[in-house]
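Shown next, in structure tokens, is the structure this report addresses.
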Amino acid sequence: MNYTAAPPMSQSTAETATLQVLYSDHHRWLVGWLRKKVGCSHLAADLAQDTFIRLITSRLVPATPSAPRKLLSRIARGLMIDHWRRRDVEQAYLAAIAHLSQAEVPSPEDRLLIIESLMRIEALIRDLPEMTRRVFLLSQLEGVPLNQIAQTTGMPLITVRRHIQRALIACLAVS
Amino acid sequence: MAETVDNGILAEAADWILLFQSGHVSEQQREAFERWRATSPAHAEAWQRAETLLTTFDRIPKGVGSQALQGTSRVSRRRALRSLVTLVVAAPTVWYVSSQLRGRWEETAVTARGQRRTMQLPDGTTVVLNTDSAIDVRFTPDKKEITLARGEILVTSGHDDRSDDRPLLVRTAHGSLRALGTRFSVRLMADATRSAVFEHAVEVVPVAAGARVLSDGQQATFTARGIVSMATVDDNDALWERGMLLLKNVRLADALAELGRYRTDVLRCDPAVADLRVSGALSLDDTDRALRVLGQMLPLRIDSSRPNEIFISPR
């Protein structure tokens with residue numbers, strides 16, 4: 001028996017069709033739009049590709065998008081911001097480990113895990129008030145005891161605890 | 001799917017976290033905690049999230065996390081705002097240019113399952129990361145080194161600058177590859193590394209064996225002790241770069257193993273269909289669709305009723 005079949009191009013759902021139209025009509029425009037924003041054509045091409053991937057995976061494709069460029073630029077903008085955030089976290093991480101001795105510097109494998117984890121934490125606490133973030137990081141990432149945080153910040157212990165509890169709830173709310 | 005858990009329960013979970021972190025937990029409290037967790041599925045879910053969160057915290061070495069995150073978010077927010085008014089590049093560009101002038105550059109890149117990412121290095125080299133991959137790039141004044149920690153990359157070396165005579169190396173656990181002006185892929189597998197050369201040549205240096213040059217169209221699989229097999233390749237083997245998988249008379253089991261690399265669940269198939277042959281082009285960006293297409297090409301039943309597993313059997 002021979003099961004060779006035509007490539008999947010032949011089966012086209014409405015969604016694929018819409019997506020193909022979106023791609024052929026607006027891909028070039030999107031790359032240009034992004035290039036103006038980020039100033040690098042490779043990064044722009046990358047982000048444009050990611051935008052379409054996000055569009056496919058999130059199933060955001062409406063049957064007939066009324067304002068396709070608005071939709072695309074909204075997604076692209078989000079990805080662009082994520083990109084800079086990641087860059088910031090990576091740079092901050094490098095700065096943070098710069099003072100470590102050779103033996104303490106995490107291996108490349110660990111480093112990737114650490115940066116991924118930092119990114120996740122950054123996203124979780126991004127919208128919290130400054131003081132809550134600070135107290136929370138000291139307690140949960142550095143393991144500084146609550147009473148010590150209270151001493152150094154001059155806040156009552158119960159306030160310190162409330163900040164941390166609030167941040168923990170915010171983190172747990174997003175699973 | 002994420003279920004919503006009542007805020008009151010999350011607050012209780014936060015209290016338990018703080019109690020456990022205080023280090024003073026009595027036997028009674030521990031029992032009370034076990035009862036609390038068993039109260040309802042929502043309680044169990046809340047604690048599950050707490051454990052995941054604490055595991056994430058544990059990964060961050062002391063003295064690094066708070067400093068790194070303290071510095072970033074405000075900058076991020078400022079920069080995010082700036083990018084909205086299109087003034088975005090100034091700060092990173094200055095940093096980038098000044099470090100490039102010193103010939104030093106470092107970057108880390110990771111992709112999740114099903115993701116792909118293209119990265120541009122300062123010397124014009126392009127690196128595409130395939131699904132579930134991780135690399136660490138380090139440029140120093142005397143060499144340019146990419147460490148492949150996981151997954152697969154496609155490297156197209158740049159030749160922007162003739163005064164740059166630093167070698168470009170890709171390292172894995174099994175050895176290193178030295179680019180000789182070229183386009184090649186490197187895939188790190190459980191017990192060996194496989195490299196395919198699409199243009200020019202690459203010198204393979206296993207950790208404990210002599211060097212050997214691969215030329216275009218050649219593929220070598222090597223361990224630390226040397227090259228274990230050679231094969232031929234063509235451009236289609238790098239089609240994943242464009243989100244496509246081209247199958248030419250391939251066993252279904254092998255096709256599924258390949259698709260599985262791009263998915264977070266497990267693809268299993270009935271031995272009765274494992275040896276069916278399949279040809280076609282599948283999308284790696286939408287592997288659900290790819291599976292449906294396979295189901296139309298071959299008489300298969302695709303059962304996704306079990307959690308985290310898809311079982312493929314004869315129709």
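We did not get these values from a lab; they are worked out from the coordinates using the rules stated. Source: prediction; values computed, not measured. Please note: Cβ atoms are built from the backbone with ideal geometry, for glycine as well, and neighbour counts cover all protein chains shown.
Between B:Arg113 and B:Asp132, the built amide H atoms are under 5 Å apart, and every one of these is 5 or more places off in sequence or on another chain. The range A:144-175 and the range A:86-124 have their alpha-carbon centroids 24 Å apart. Taking a Cβ cut-off of under 13 Å around B:Leu247, the surrounding Lys, Arg, Asp and Glu residues balance to a net charge of 0, with basic ones at +1 and acidic ones at -1.
Placing a label point 7 Å from the Cα of B:Val266 along the Cα-to-Cβ direction, the residues of the range B:286-310 whose backbone N falls under 19 Å from that point are B:302-310.
Springs join every pair of Cα atoms under 10 Å in this Gaussian network model of chain B, and among B:Met244, B:Met297, B:Met119 the largest mean-square fluctuation is at B:Met297.
Please give me the summed charge of the neighbours of B:Ala32: other residues whose Cβ is under 14 Å from its Cβ, Lys and Arg +1, Asp and Glu -1. The partial results should precede the final answer.
Values: positive: B:Arg30, B:Arg35, B:Arg37; negative: B:Glu12, B:Asp15, B:Glu27, B:Glu31, B:Glu34.
Taking every other residue near B:Ala32 into account, the sum is -2.
Label chain B by shape, choosing from rounded, prolate and oblate, from the square roots a ≥ b ≥ c of the eigenvalues of the Cα gyration tensor; if a/c is under 1.5 it is rounded, and otherwise prolate applies when a/b is larger than b/c, oblate when it is not.
Values: a/c = 2.03, a/b = 1.21, b/c = 1.68.
The shape class here is oblate.
Test of understanding: ordering B:Thr221, A:Thr159, B:Thr172 by Cβ neighbours within 10 Å, fewest first, what list do you get? The partial results should precede the final answer.
Values: B:Thr221 18, A:Thr159 15, B:Thr172 24.
By the 10 Å Cβ count, ascending: A:Thr159, B:Thr221, B:Thr172.
Once label points are set 7 Å from the Cα along Cα→Cβ at both A:Gln151 and B:Ala274, what is their separation, rounded to one decimal in nm? Going by the 7 Å Cα→Cβ label model, 6.4 nm. Out of the range B:211-263, which trypsin sites (Lys or Arg not before Pro) are coil in DSSP terms and have no more than 14 other C-beta atoms within 10 Å? Those satisfying the criteria are B:Arg225.
Close amide H partners of B:Thr182, meaning residues 5 or more places away or on another chain with modelled amide H under 5 Å apart, are B:Ser157.
Okay, helix-only estimate at 222 nm for chain B: each DSSP H run of n ≥ 4 adds -39500 (n - 2.57), divide by all residues, round to 500 deg cm²/dmol; what do you get? It would help to have the intermediate numbers written out before the result.
Details: 8 runs with 101 residues, N = 315.
Counting only the DSSP helices, I get -10000 deg cm²/dmol.
Hydrodynamic estimate: the Kirkwood radius of the range A:127-175 over Cα pairs, inserted into Stokes-Einstein at 20 °C and 1.002 mPa s, corresponds to D of 201 µm²/s.
Within a 10 angstrom radius of each residue's Cβ in B:235-245, how many Cβ atoms of other chains show up on average? Whole number is fine. Before the final figure, lay out each step's value.
On the way: counts 0, 0, 0, 0, 0, 0, 0, 1, 4, 2, 0.
Mean shielding count: 1.
Quarter the surface of the alpha carbon convex hull of the protein assembly as shown and you get the mean projected area, 27.8 square nanometres. Among B:Ala196, B:Ala173, B:Ala50, which one shows the biggest mean-square fluctuation in a GNM of chain B, springs joining Cα atoms closer than 10 Å? Top of the fluctuation ranking is B:Ala50. Shown in residue order for the range B:263-271 are the 3J(HN,Hα) couplings computed by the Karplus curve 6.51 cos²θ - 1.76 cosθ + 1.60 at θ = phi - 60°: 10, 8, 9, 9, 9, 10, 9, 4, x Hz (x for Gly and Pro).
Of the trypsin sites (Lys or Arg not before Pro) in the range B:109-179, which ones lie in a loop per DSSP and count no more than 10 other C-beta atoms within 10 Å? Write down the numbers at each step before the final one.
Working: sites: B:Arg113, B:Arg116, B:Arg117, B:Arg138, B:Lys143, B:Lys144, B:Arg150, B:Arg162, B:Arg171, B:Arg178; in loops: B:Arg113, B:Arg116, B:Lys143, B:Arg162.
Hits after loop and neighbour filter: B:Arg162.
Between B:Leu259, B:Leu154, B:Leu54, the GNM of chain B built on Cα springs shorter than 10 angstrom shows B:Leu54 fluctuating the most. Convex hull volume of the C-alpha atoms in the range B:189-315, normalised per residue: 117 Å³.
Relative to the Cα centre, the charge distribution of the range B:243-314, modelled as +1 at Lys and Arg Cβ and -1 at Asp and Glu Cβ, gives a dipole magnitude of about 140 debye.
Three principal axis extents of the range B:117-235 based on alpha-carbon atoms, in descending order, are 36, 29, 28 Å.
Can you compute log10 of I(q)/I(0) for the range A:52-175 with the Debye formula, treating each Cα as one identical point scatterer, at q = 0.15 Å⁻¹? For the requested q values the scattering log ratios are -0.89. Rounded to the nearest 0.05, the FRET efficiency derived from the C-beta distance between B:Glu145 and B:Val25 at R0 = 51 Å is 0.60. Distance between the pseudo-spin-label points of B:Glu258 and B:Arg35 (7 Å out from Cα toward the beta carbon): 5.8 nm.
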